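Working notes, structure below.
The values are calculated or read from the model by the stated rules, or taken from the named source; none is laboratory data. For clarity, every value in this text was computed on a predicted model and none was experimentally measured. So basically every Cβ, Gly included, is an ideal-geometry build from the backbone, and we count neighbours across all protein chains shown.
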Amino acid sequence: MAAVRTVTRFAPSPTGRLHVGNIRTALVCWLAARAAGGAFMLRLDDTDAERSREEHVEAIRADLAWLGLLPDGEVRQSARGALYQEAFETLHASGRVYPCYESEEELAVKRRVALGRGLPPVYDRAALRLSADERRALEGGGVRPHWRFRLEESAIGWRDLVRGEQRFEAANLSDPVVRRADGSWLYLLPSVIDDIDMRVSHVVRGEDHVANTAVQWQMFEALGAPPPAFAHLALLTAADGKLSKREGAVGVEAIRDGGIEAVALLALLARLGTRDPVVAVARAEDLIANFSFDAWARAPARFDPAELARVNGTTLHLLPFSAVTERLPAGMDEPGWLAIRPNIERLLEAADWWRVVTDDPVPPALDEAEHAYVVHAAEVAATVEWGDTPWLALTAALKAETGRKGRALYLPLRRALTGREHGPDMAALLPLIGRERTLRRLAAV
Ligand code: GLU
């Protein structure tokens, strides 16, 4: 048998912006597809016309583009009604979907009665026992049916790529509603129809979908298709509990506006909750080679913004000039970037360090001995051979003449030249500050 092509799909409902939890799902879908040379698809689960919004569809596309997780194709559930109708008719003909007439209130009463008797609140299938005449009478009275999928009473099991062996008894599950009385679709069945039609080989999603998989497993079988592989990722937790879309602070927009690089977020999310350490990378593609579902743990992982900030710093220290050029302060060139890169945790801090190069500092308060030393340094700086390594030339000359070394040699110069105690390597900064500004700043103390 020919090997099945790996096809994954990221299937957000466009009811809000992407957040850290579903970005991780998107990333794992992307990694699994890219690692296998397969396809990564975006599927917009927009069957809920009330809650789905076009602005969210656009934001999801834009967020994926910013992240660099570009889909190989996109499908929208709202455009696929004919496909769903066809599968629905197949299931109707084989008796796997059936019409139900209970109102929400009646169903709530049934659930309460079952729970009162200490039974699981499983739908009692009363609608299956209605005669054709009873159904006609209900419909004649204006009741439009909603539709349930009839589960077969058997054990359902699969080996989840993350959670290992999974087992459910269909008898403990309610026949799920798949279509509303107004003809609109609920998520469960269209998802299966799409997964079959799109030849999805791996369904990657959050563990909150595990019970859905049990019923969807039977839907695949009822439609005559082998179920795909499933990987249910453990949930991400925030320091204070579950992450959700409502937490704006972990939405893509907030992360980007907070100065986080997309590739830093991806590097963290590719390892959080796996057995592998987080390693910063310069490009998302660098995460593909080591991808394996085996690395993912079942236990929830904690998302920590402080860790993200650290990974962002290490990421920036790796990024070449070409990766950041358009976002750098005006005038900052490649040597400028390479000098400043090791000192920043967020790109926006580059502007601050660049001012150290371009703007003369307020002369620092020096004690008498330091003052005399810097005044002397101004004279020496005027005479040393500037060349490619002026800092080395200047400090070597000053060391020889004054006998100063270490902090005493360097710090007064740094303070006079940059106005600060710490900062990028002076050897890298001085050629950027240039001879003229150097002489002026040393003489200004
Ligand atoms: N739209 C569903 C969700 O966002 C998709 C679940 C799935 O991947 O099948 O939870």
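Identify all residues within the stretch 88-127 that are out of contact with any Pro (no Cβ under 8 Å at 6 or more places or on another chain), under 19 Å from residue 183 (Cβ atoms) and surrounded by 12 or more Cβ atoms within 10 Å (Cβ to Cβ); write none if there are none.
Matches in the stretch 88-127: 88, 90, 91, 92, 96, 97, 98, 102.
Considering only residues that are surrounded by fewer than 17 Cβ atoms within 10 Å (Cβ to Cβ) and farther than 16 Å from residue 376 by Cα, which ones fall in the stretch 397-427?
406, 407, 420, 421, 422, 425, 427
Please specify each residue of the stretch 3-26 satisfying the condition of being more than 11 Å from the ligand (Cβ to nearest atom), aliphatic (A, V, I, L, M), touching a strand residue (DSSP E or B) at 6+ places or on another chain (Cβ under 9 Å) and part of a helix (DSSP H, G or I).
Listed by number, the list holds a single entry, 20.
Which of the helices (runs of 4 or more DSSP H) found entirely inside the stretch 30-116 contain at least 3 residues meeting this: of a type in the set (D, E, K, R) and over 24 Å from residue 293 (Cβ atoms)?
Filter on the stretch 30-116 gives 54-67, 104-116.
On the given criteria, is residue 100 under 20 Å from the mean Cα position of the chain (by Cα) and either within 14 Å of the ligand (Cβ to nearest atom) or within 28 Å of residue 147 (Cα to Cα) (or both)?
Working: under 20 Å from the mean Cα position of the chain (by Cα): no; either within 14 Å of the ligand (Cβ to nearest atom) or within 28 Å of residue 147 (Cα to Cα) (or both): yes.
Judged against the criteria, residue 100 is not a match.
Considering the stretch 361-404 alone, what residues qualify as being assigned to a helix (DSSP H, G or I) and among the aromatic types (Phe, Trp, Tyr)? Spell out the reasoning first.
Going through the stretch 361-404, the residues assigned to a helix (DSSP H, G or I) turn out to be 368-383, 390-402.
Within the stretch 361-404, 373, 391 qualify.
Name the single residue that is surrounded by the fewest Cβ atoms within 10 Å (Cβ to Cβ) among those in the stretch 131-151 being outside any loop (DSSP other than H, G, I, E, B) and in contact with a Lys or Arg (Cβ under 7 Å, 6 or more places away or on another chain).
Let us first name the residues in the stretch 131-151 that are outside any loop (DSSP other than H, G, I, E, B), namely 132-140, 146-149.
Of the ones still in play, those that are also in contact with a Lys or Arg (Cβ under 7 Å, 6 or more places away or on another chain) are 146-147, 149.
Values: 146: 20, 147: 23, 149: 24.
Filtering first and then ranking leaves 146.
Out of the residues in the stretch 27-55 that are farther than 21 Å from residue 266 by Cα and within 14 Å of the ligand (Cβ to nearest atom), which is surrounded by the fewest Cβ atoms within 10 Å (Cβ to Cβ)? I'd like the intermediate steps shown before the answer.
Here is the first cut: in the stretch 27-55, the ones farther than 21 Å from residue 266 by Cα are 44-55.
Filter once more, so that each one left must be within 14 Å of the ligand (Cβ to nearest atom): 44-48, 51-52.
Numbers: 44: 21, 45: 21, 46: 20, 47: 23, 48: 16, 51: 12, 52: 18.
Checked the stretch 27-55; the qualifying residue surrounded by the fewest Cβ atoms within 10 Å (Cβ to Cβ) is 51.
Assess whether residue 166 counts as being assigned to a helix (DSSP H, G or I), in contact (Cβ under 8 Å) with a residue 40 or more places away in the chain and more than 12 Å from the ligand (Cβ to nearest atom). Spell out the reasoning first.
On the way: assigned to a helix (DSSP H, G or I): no; in contact (Cβ under 8 Å) with a residue 40 or more places away in the chain: yes; more than 12 Å from the ligand (Cβ to nearest atom): yes.
For residue 166, the condition - assigned to a helix (DSSP H, G or I), in contact (Cβ under 8 Å) with a residue 40 or more places away in the chain and more than 12 Å from the ligand (Cβ to nearest atom) - is not met.
With the requirement that a residue be away from the ligand (no atom under 13 Å from the Cβ), of a type in the set (A, V, I, L, M, F, W, C) and not in a helix (DSSP H, G or I), what does the stretch 181-228 give you?
The answer is 181, 223, 225.
Exactly one of these conditions fails for residue 128: (1) assigned to a helix (DSSP H, G or I); (2) within 16 Å of the ligand (Cβ to nearest atom); (3) more than 18 Å from residue 45 (Cβ to Cβ). Give me its number.
(2)
Residue 262: closer than 26 Å to residue 62 by Cα, away from the ligand (no atom under 16 Å from the Cβ), surrounded by fewer than 21 Cβ atoms within 10 Å (Cβ to Cβ) and at pLDDT 90 or above, yes or no? Spell out how you get there, then give the answer.
On the way: closer than 26 Å to residue 62 by Cα: yes; away from the ligand (no atom under 16 Å from the Cβ): yes; surrounded by fewer than 21 Cβ atoms within 10 Å (Cβ to Cβ): yes; at pLDDT 90 or above: yes.
Considered against the rule, which asks whether it is closer than 26 Å to residue 62 by Cα, away from the ligand (no atom under 16 Å from the Cβ), surrounded by fewer than 21 Cβ atoms within 10 Å (Cβ to Cβ) and at pLDDT 90 or above, residue 262 comes out as yes.
I'd like the full set of residues that are under 13 Å from the mean Cα position of the chain (by Cα), within 18 Å of residue 70 (Cβ to Cβ) and either part of a strand (DSSP E or B) or not acidic (Asp, Glu) (or both), limited to the stretch 259-283. Can you show your working first?
To start, the set of residues in the stretch 259-283 that are under 13 Å from the mean Cα position of the chain (by Cα) comprises 260-272.
From the residues that got through so far, the ones that are within 18 Å of residue 70 (Cβ to Cβ) too are 261-263, 265-267, 269-270.
If the condition is that a residue be under 13 Å from the mean Cα position of the chain (by Cα), within 18 Å of residue 70 (Cβ to Cβ) and either part of a strand (DSSP E or B) or not acidic (Asp, Glu) (or both), then 262, 263, 265, 266, 267, 269, 270 are the ones that fit.
Just one of the numbered conditions (1) within 47 Å of the chain's Cα centre (by Cα); (2) touching a residue at least 24 places away in the same chain (Cβ under 8 Å); (3) not in a helix (DSSP H, G or I) is not true of residue 354; which one?
If we test residue 354 against (1) within 47 Å of the chain's Cα centre (by Cα); (2) touching a residue at least 24 places away in the same chain (Cβ under 8 Å); (3) not in a helix (DSSP H, G or I), just (3) comes out false.
Output the number of residues of the stretch 96-150 satisfying the condition of being farther than 30 Å from residue 220 by Cβ and in contact with a Phe, Trp or Tyr (Cβ under 6 Å, 6 or more places away or on another chain).
Number of matching residues: 2.
Taking the options 93, 35, 39, name whichever one is without any contact (Cβ under 8 Å) to a residue 60 or more places away in the chain and within 28 Å of residue 6 (Cβ to Cβ). I'd like the intermediate steps shown before the answer.
Values: 93 fails: within 28 Å of residue 6 (Cβ to Cβ); 35 fails: without any contact (Cβ under 8 Å) to a residue 60 or more places away in the chain.
Exactly one of 93, 35, 39 is without any contact (Cβ under 8 Å) to a residue 60 or more places away in the chain and within 28 Å of residue 6 (Cβ to Cβ), namely 39.
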